[in-house]
Every structure is written in structure tokens, then in C-alpha cells.
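Below is one structure, written out as C-alpha cells, with a few remarks after it.
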Amino acid sequence: MSSAISDGSNARWIGYWWSLMQAFVTVLSVVSCGSIVALLAASAACGLRRWHLAAKVSGAVVLAGPVLLLVSMLAFMVLPLAGPGRSDPLVKATVLSEGLSQVMNTGGLACAAALPGAFVWDIARGRRRGAAKKAGG
């Protein structure tokens, strides 16, 4: 009798967790695609010689990439293993493999955008400092 109750609560827990994760995957995917759009905006601002805007936007992309990757890892690989009924090695392997797939789909794109974002950020900061030295000196 207690195993039937345990299985029923475990199924409810998995259903609840699954509905939360679907919403979270959507949000993280939109934010990840937003980092690509922000990188394109920073590159355009750099091309238009708007160094201050390019430095701010690309700095945000550089910061958001690794943060989004860490949040994705926490949400899809660490927290699912904290739920009930996760002591079986087969369940752990399944959760980790599905979690790694979700991390690469949501956080990997933002982290990949952070690399060229750092390049744009360096160029914009260098040009902005050079313009400040010219104006001040």
C-alpha cells in the first residue's frame, strides 16, 4: 500500500516538475536567442561608431552568457537529481543526459555569443578610451 502511495506522489512530483521545466526551457531559450540579437546590436553599434552603446550591450552579452550557462546547469542537471526517487543509477544517467541536452540547447548558445561579444567589448572600450584621451589631452 505504501509503495502505491509513493509511486503516486512520485508521478505527481514528476508531472509538476515537468510542467515547470517546460516553462523554464522556453524562458531560457528566449533569453539565449536574445543574447544573439544583443550581440548583433552591439556589432551594429560598433560599425556605426557608437562606442559607448557597443561597450554596454556587448558587456551585457559577455556577462549573460556564462550566467545563463550556470543557471541552465543548475536547473537541468543539479535540481532534478534532488527530487524523490532519484537514487537509481539508471534514473540518474537519464536525468543527466537529458539535462546536458537542455543545457546545450539553452545555455550553450548564449555562452557561444559571449566569445565574440568579448571581442566587440574590447574594441568598443579601447575606442572609447582613445576618444576620451583625445578629448582630454
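The values are calculated or read from the model by the stated rules, or taken from the named source; none is laboratory data. A quick note: this is a predicted structure, and the numbers were derived from the prediction, not measured. All Cβ positions, even for glycine, are placed from backbone atoms using ideal geometry, and neighbour counts span all protein chains on display.
If you go through segment 26-59, how many residues are outside any helix (DSSP H, G or I) and touching a residue at least 60 places away in the same chain (Cβ under 8 Å)?
The number of residues fulfilling the criteria is 1.
Here are 124, 135, 113: which of them is without any contact (Cβ under 8 Å) to a residue 12 or more places away in the chain, assigned to a helix (DSSP H, G or I) and of a type in the set (A, V, I, L, M, F, W, C)?
None of the others qualify; the one that does is 135.
Residues of segment 78-107 being surrounded by 13 or more Cβ atoms within 10 Å (Cβ to Cβ) and in contact (Cβ under 8 Å) with a residue 40 or more places away in the chain, which ones?
Of everything in segment 78-107, those that are surrounded by 13 or more Cβ atoms within 10 Å (Cβ to Cβ) and in contact (Cβ under 8 Å) with a residue 40 or more places away in the chain turn out to be 80, 83, 85, 102, 105, 106, 107.
Sort through 124, 82 and tell me the only one that's of a type in the set (A, V, I, L, M, F, W, C) and closer than 23 Å to residue 19 by Cβ.
Of 124, 82, the one residue that is of a type in the set (A, V, I, L, M, F, W, C) and closer than 23 Å to residue 19 by Cβ is 82.
Would you confirm, using the coordinates I've provided, whether residue 103 is touching a Gly at 6+ places or on another chain (Cβ under 9 Å) and part of a helix (DSSP H, G or I)?
The answer is no for residue 103.
Can you tell me which residue within segment 1-29, out of those that are among the aromatic types (Phe, Trp, Tyr) and more than 23 Å from residue 111 (Cβ to Cβ), is modelled with the highest pLDDT?
Restricting to residues being among the aromatic types (Phe, Trp, Tyr) and more than 23 Å from residue 111 (Cβ to Cβ), the top hit is 16.
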